[in-house]
Amino acid sequence: MAGLTAVAVAAVAFLAYQASASAPAPSELAADSRTPSVAPTATATGKPKQPHKDPIALPEGSGTGERVVYALDDRRVWLVDAKNKITKTFTVTPSTVSPLPGNYAVTSRAATVRGSDGVQIEHVVRFAITQEAVIGFSAAVDGSMPSPDPSKKTGGVRMKRADADAMWAFASIGVKVVVVP
């Protein structure tokens, strides 16, 4: 048995020597044009770092022309004019019920009402209806933007009052609303 172990150790040592002898020197690696100039980095989880995306860049696949774009994961809205220029972008506090990604249109508006959560709201711009709630953008008259009560089914996507003013001026009945993940 000792003889087999000695042969195995010798074989491993020989293979290790062959591998190191055939590997290029570090100076050759630096000169190799196929080697990237910046090595990928890894996070603590071992996954490569993703390039940081611009948080205010319009999401790909959000359409063209005049529209409101609502990114669910980013909790952000963009107002985009007919020439595909962003006129305003801002963060929002989503409701407990979210619309599915897709294309919608502004169906109704209200200057001021009481929200389904009991809060007095203004500049309501509605664009979707689910089995659980009517979905729309709005601002609380008192300017608050608390997270909604998860036990209630609400559809109000809340924003700051100044952002709601911009939405109100931009999103008339029929304006396209594009919801992306």
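The values are calculated or read from the model by the stated rules, or taken from the named source; none is laboratory data. Because the structure is a prediction, the values reported are computed rather than measured. Using ideal geometry, Cβ is built from the backbone for each residue, glycine included, and neighbour counts are taken over all protein chains shown. In case anyone asks, the SASA skips ligands and DNA or RNA and just uses the protein heavy atoms, side chains included. Shrake-Rupley method; radii C 1.70, N 1.55, O 1.52, S 1.80 Å.
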> Restricting to segment 117-142, what's the tally of residues that are of a type outside the set (Phe, Trp, Tyr) and assigned to a strand (DSSP E or B)?
Replying inline: 15
> If you check ALA139, ALA110, ALA133, which single one turns out to be farther than 25 Å from ILE56 by Cα and buried (at least 18 other Cβ atoms within 10 Å of the Cβ)?
Replying inline: ALA133
>> What's the number of the only condition in (1) among the aliphatic types (A, V, I, L, M); (2) outside any helix (DSSP H, G or I); (3) open to solvent by less than 40 Å² (accessible area, probe 1.4 Å) that MET145 fails to meet?
In response: (3)
> Any chance segment 83-98 includes a residue that's of a type outside the set (A, V, I, L, M, F, W, C) and within 16 Å of ILE173 (Cα to Cα)?
Replying inline: no
> Would you say ALA44 is modelled with pLDDT under 95, loosely packed, with under 10 Cβ neighbours inside 10 Å, over 22 Å from GLY156 (Cα atoms) and among the aliphatic types (A, V, I, L, M)?
Replying inline: yes
> What number of residues within segment 99-140 are under 19 Å from the mean Cα position of the chain (by Cα) and at pLDDT below 95?
Replying inline: 0
>> Filter segment 113-172 down to the residues that are on the phi > 0 side of the Ramachandran plot and without any contact (Cβ under 8 Å) to a residue 24 or more places away in the chain and list them by number.
In response: GLY118, GLY143
> When segment 83-107 is examined, which residues are found to be open to solvent by 40 Å² or more (accessible area, probe 1.4 Å), touching a Ser or Thr at 6+ places or on another chain (Cβ under 7 Å) and hydroxyl-bearing (Ser, Thr, Tyr)?
Replying inline: THR96
> Taking segment 63-73 as the region of interest, how many residues are in a loop (DSSP other than H, G, I, E, B), out of contact with any Ser or Thr (no Cβ under 8 Å at 6 or more places or on another chain) and closer than 19 Å to GLY136 by Cβ?
Replying inline: 1
> Would you pick out the residues in segment 97-116 that are part of a loop (DSSP other than H, G, I, E, B) and touching a Lys or Arg at 6+ places or on another chain (Cβ under 6 Å)?
Replying inline: VAL97, THR107
